[in-house]
Amino acid sequence: MSGRLDGQVTLVTGAASGIGKGIARRFVAEGAGCVVVDIQDEPGREFARELGSEVAVYTHADVAVEDDVSAAMDLAVERFGRLDCVVNNAGILGAVGPIGSITAEAWQRTLDVLLNSVFFGIKHAARAMAPQRSGSIINIASTAGVRAGLGPHAYTAAKHAVVGLTQSAATELGRSGIRVNAIAPGATVSSMTAYVATGDPAALDQAERLIARTVPLGRPGAPEDIANAALFLSSAEASWVNGAVLVVDAGGEVIGDRNGRFVEMDTQLVSEAGQTT
């Protein structure tokens with residue numbers, strides 16, 4: 001049975017865990033080759049081995065460093081001969097707490113990982129895709145990027161900027177046959193949301209129970225839910241979809257503002273969550 005992405009080559013950042021891992025797994029199951037990108041080396045290598053050396057390769061890249069992102073795109077072309085889809089997924093929660101307590105360093109680090117990484121990803125994905133005049137770039141934003149109050153200040157600002165950059169880049173790159181879209185996940189169970197919900201990035205089961213209470217459909221999102229949306233946007237079925245922001249949150253974004261949700265959290269960078277959205 002043929003897959004929906006047979007013959008395509010994909011690259012997913014933050015793919016060693018969480019949403020990125022779910023997307024990479026689904027893409028490979030649908031016939032794509034995949035470059036698994038992360039800073040979590042051992043989990044990333046193990047995941048690539050699980051997917052199979054003939055269809056997947058792991059590379060270390062800090063998405064806040066342009067040269068790392070550029071090298072990852074080059075690796076995809078060298079290893080597989082082309083690049084059809086890039087998912088800019090890697091991220092951190094970043095600076096949290098009342099705005100008066102956020103340091104300039106924490107603010108800048110948040111934007112480096114959440115926003116600059118997407119700029120680098122779009123820039124170098126487009127460079128790799130331009131010769132074939134086709135490609136799909138998918139940026140993982142957040143419901144915090146379409147409604148204020150669903151995330152900390154720096155995270156919200158960065159994700160709003162990702163939405164704007166997605167739409168701006170789509171208008172330029174569409175003329176080269178390259179589509180640029182975004183997915184705005186809601187409360188999806190991952191190490192990051194587990195940290196927000198419980199203070200422990202490993203408490204996935206507890207986070208799932210807590211998040212389920214606030215979701216209109218009665219269950220939190222899973223990485224597979226976001227992977228399904230990414231599969232659609234990368235596939236031929238979405239060939240006329242460009243500059244879109246697909247909210248995937250079980251209807252949570254429409255139930256209203258939740259300002260102040262993060263205001264009591266300490267100002268810090270959540271490094272234990274790794275580069276996973």
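Just so it is clear, none of the values below were taken in a lab; they were calculated from the coordinates. Here the structure is a predicted model, which means the values were calculated and not measured. Positions of Cβ are generated from backbone atoms using ideal geometry, with glycine treated the same way; all protein chains shown enter the neighbour counts.
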Checklist entry - Do you know the relative contact order of the range 9-273, to the nearest whole percent, from alpha carbon pairs under 8 angstrom that are 6+ apart? => result 21 percent
Checklist entry - Peptides 82-91, 115-124, 219-228: what's the order by average Cβ count within 10 Å, highest mean first? => result 82-91, 115-124, 219-228
Next on the checklist: What is the distance in Å between the Cα centroid of the range 6-41 and that of the range 56-79?
Outcome noted: 13 Å
Checklist entry - Which of these, Thr103, Thr156, Thr143, has the largest mean-square fluctuation under a Gaussian network model of the chain (Cα springs below 10 Å)? => result Thr103
Checklist entry - So if we plug the beta-carbon distance of Thr171 and Glu237 into 1/(1 + (r/R0)^6) with R0 = 22 Å, what FRET efficiency do we get, rounded to 0.05? => result 0.50
